[in-house]
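Take a look at the structure below.
Only the coordinates and a few stated rules stand behind these numbers; no lab work does. Keep in mind that what you see is a predicted model, and the values were worked out from it rather than measured. FYI the Cβ positions are ideal-geometry reconstructions off the backbone, even for glycines, and counts take in every protein chain you see.
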Amino acid sequence: MSATQHRRLPPEVNRILYVRNLPFKVTSSEMYEIFGKYGSLRQIRLGSSNDTRGTAFVIFDDIYDAKSAVDHLSGFNVGGRYIVVLYYQPKKNVNRLGMEVKKAQIEDLKKEVEASATN
């Protein structure tokens, strides 16, 4: 079946996957071995900082390969851990970033009000 004959995909489906609950010691080559079975991979980025360890972004060349990986690998056991494979949703991250910026602005305003109240 060619890509033009596939049924319409839900809007959240895309080529970029976000993977959580990975063992901290998983390697890039192990990730390529696991995800490469579902299609051609463009890139894998493993989290390396304290707050991103155990996560990865996996980018497929083809959206249908990415969908197949999500369908088959969510809940897959890797190194004794059951991984969570989701479609990357940048709007959620933008919203989260926007909230952090707004919280910082509120804190700055609170400091300004407190400073002017003491003067």
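Hey, with R₀ at 35 Å, roughly what FRET efficiency would Ser29 and Ala104 work out to, going by the Cβ-Cβ distance, to 0.05?
Taking R0 as 35 Å, the efficiency between Ser29 and Ala104 is 0.35.
Select from segment 5-47 those trypsin sites (Lys or Arg not before Pro) which occupy a DSSP coil region and have at most 12 other Cβ atoms within 10 Å, ordered by residue number.
When the trypsin sites (Lys or Arg not before Pro) of segment 5-47 are filtered for loop state and at most 12 Cβ neighbours within 10 Å, Arg7, Arg8, Lys25 remain.
How about Lys103: which lysines have a C-alpha closer than 28 Å to its C-alpha, ignoring those fewer than 8 places off in the same chain?
Within the straight-line limit of under 28 Å, Lys103 reaches these lysines: Lys91, Lys92, Lys111.
So, how do all the Cα-to-Cα distances of segment 3-88 break down into 10 Å bins, in percent, from 0 on up?
Final binned percentages: 18, 54, 23, 5, 0.
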